[in-house]
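Step one of this worksheet: look at the structure below.
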Amino acid sequence: MSDKLIASLQKEYGYSNYDIARIKYVLVSITSEFSKFIILGIFFGMTDHFISFLLSTLLLLFLRTNVGGLHCKHYSTCFLLTFAISYLSITFLPSVCTISYFFVTLFSISCMLVNYYIGPIASPFRPLPESAVLKRCRNMGCIVIVIYIFFASIFQNSVIMIPYIQAGFWTIILHTFQLVVAKFLKIGGEYE
């Protein structure tokens, strides 16, 4: 943001330096997330995995906003981590190992419990939410996984839907893994 725009916002709307810093944070976050989405969308579109990418991103969006996880300080490390999780869950792991519906359900329920008990892990740059918000976020994280299990049960025998079910499953598994890593880093004091 330019100094002129900042001065204008402070003068016309009475924004404090703290308010301006929050606005900058939101704008940088939105720009960063949008650029990652576009770059990854192009990559997965070129590799014929675009629909899996969209479904995985939607699932991850709801899980991350409710249960949290690892947060990187720099765009490049954030992009690389996002790319690695996306590539593993959408392309690599489903091609290496197709999981039966029974195990999809079993492991998804296990992940739901792990997400509930150790989440949410908020960014170290944000204040810890109050207990009512934490409980709501935990519940929403569980609901997201239950909805995934429900749709997986409906489409488990559809050959067309298997890649999407597998991508969703691996997204949940990898999200839970990075949530556990974030929890250990937070306990060890390295997540600040």
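Things worth noting here:
- Heavy-atom accessible surface of the chain: percent carbon and sulfur, 1.4 Å: 70 percent
- The smallest convex shape that holds all Cα atoms of region 59-188, its convex hull, gives 103 Å³ per residue.
- Estimated FRET transfer efficiency (LYS4, VAL28; beta-carbon r; R0 25 Å; 0.05): 0.85
- Region 22-130: chymotrypsin sites (Phe, Trp or Tyr not before Pro) in DSSP coil with no more than 16 other Cβ atoms inside 10 Å: PHE125
- Think of it this way: in the chain, CYS97, CYS111, CYS137, CYS142 stand alone, with no other Cys Cβ under 4.7 Å.
- Counted residue by residue at 0.36 nm each, then reduced by the alpha carbon distance between them, the extension gain from ILE160 to ALA132 reaches 6.0 nm.
- Taking amide H as placed 1.01 Å from N in the peptide plane, the amide H of GLY68 sits under 5 Å from that of ILE121, each at least 5 places away or on another chain.
- Whether region 1-145 is rounded, prolate or oblate, judged on the alpha carbon gyration tensor where a/c under 1.5 counts as rounded: oblate
- Accessible area per residue, Å², the chain with all protein chains present, probe 1.4 Å: 62 Å²
- Rg/Rh for region 77-140, where both radii come from Cα atoms and Rh is the Kirkwood radius: 1.08
- Pairs beyond 22 Å (Cα-Cα), from LYS135/LYS183; LYS4/LYS73; LYS36/LYS73: LYS4/LYS73
- Working from the Cα coordinates of region 1-80, the gyration tensor eigenvalues give, after taking √(5λ), semi-axes of 33, 15, 11 Å in decreasing order.
The values are calculated or read from the model by the stated rules, or taken from the named source; none is laboratory data. Quick caveat: nothing in here was measured; it's all calculated off a predicted structure. Cβ sites come from the backbone with ideal geometry, for glycine too, and all protein chains shown count toward neighbours. Surface accessibility is based on the protein's heavy atoms, side chains included, excluding ligands, DNA and RNA. Shrake-Rupley method; radii C 1.70, N 1.55, O 1.52, S 1.80 Å.
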